[in-house]
Amino acid sequence: QVQVVESGGGLVQAGGSLRLSCTASGLTFDDYAMGWFRQAAGKEREGVSCIDWSGGRTAYADSVKGRFTISRDNAKNTLYLQMNSLKPEDTAMYYCAADFVRYGLEPENYNYWGQGTQVTVSS
């Protein structure tokens, strides 16, 4: 059984930082590209950042580039998202996902998903 579990969300003030973690089990972790996605109230799910199987290639949404950093530790089967200079518009449910075929910011291409962790940024 594949399990994907996010953690690290919370309530922070604008300008603050959070580090999200995602642990995957039941799969060979380094066979998969990984991604972070988010969905704000009343909006569609969007890609935030993604990373290839080795961590050698990454991509970011324009809205977070320069503020967020994605990384992975394959020995720990864990994905991270370091979020700095947070803004109220970053408020959303953040999801971790795994993609066997490719990496990218398109949610429809990912195979396995976590249940999400809430990030709320106050003014």
field: Among (1) among the charged types (D, E, K, R); (2) touching a residue at least 12 places away in the same chain (Cβ under 8 Å); (3) surrounded by fewer than 17 Cβ atoms within 10 Å (Cβ to Cβ) - the single one ASP99 does not satisfy
entry: (3)
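Matching residues to (1) of a type in the set (Gly, Ala, Ser); (2) closer than 17 Å to GLN115 by Cα; (3) at pLDDT below 95:
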| site | (1), (2), (3) |
| --- | --- |
| VAL5 | no, yes, no |
| GLN13 | no, no, no |
| ASP31 | no, no, yes |
| GLY47 | yes, yes, no |
query: For region 1-17, what are the residues that are among the aliphatic types (A, V, I, L, M), closer than 22 Å to PRO88 by Cβ and either open to solvent by 30 Å² or more (accessible area, probe 1.4 Å) or free of Cβ contacts under 8 Å to residues at least 12 places away in the same chain (or both)?
result: LEU11, ALA14
message: Could you tell me how many of the residues in region 53-86 are in a loop (DSSP other than H, G, I, E, B) and either in contact with an Asp or Glu (Cβ under 7 Å, 6 or more places away or on another chain) or open to solvent by 20 Å² or more (accessible area, probe 1.4 Å) (or both)?
response: 14
message: Checking ALA59 against (1) farther than 16 Å from LEU18 by Cα; (2) modelled with pLDDT under 95: exactly one of these is not met. Which one?
response: (2)
query: Considering region 1-32 alone, what residues qualify as being assigned to a strand (DSSP E or B) and of a type in the set (Asp, Glu)?
result: GLU6
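The values are calculated or read from the model by the stated rules, or taken from the named source; none is laboratory data. These numbers come from a predicted model, not from an experiment. Reconstructed Cβ throughout: ideal geometry from the backbone, glycine too, with neighbour counts over all protein chains shown. The accessibility values were calculated without ligands, DNA or RNA, using every heavy atom of the protein model including side chains. Shrake-Rupley method; radii C 1.70, N 1.55, O 1.52, S 1.80 Å.
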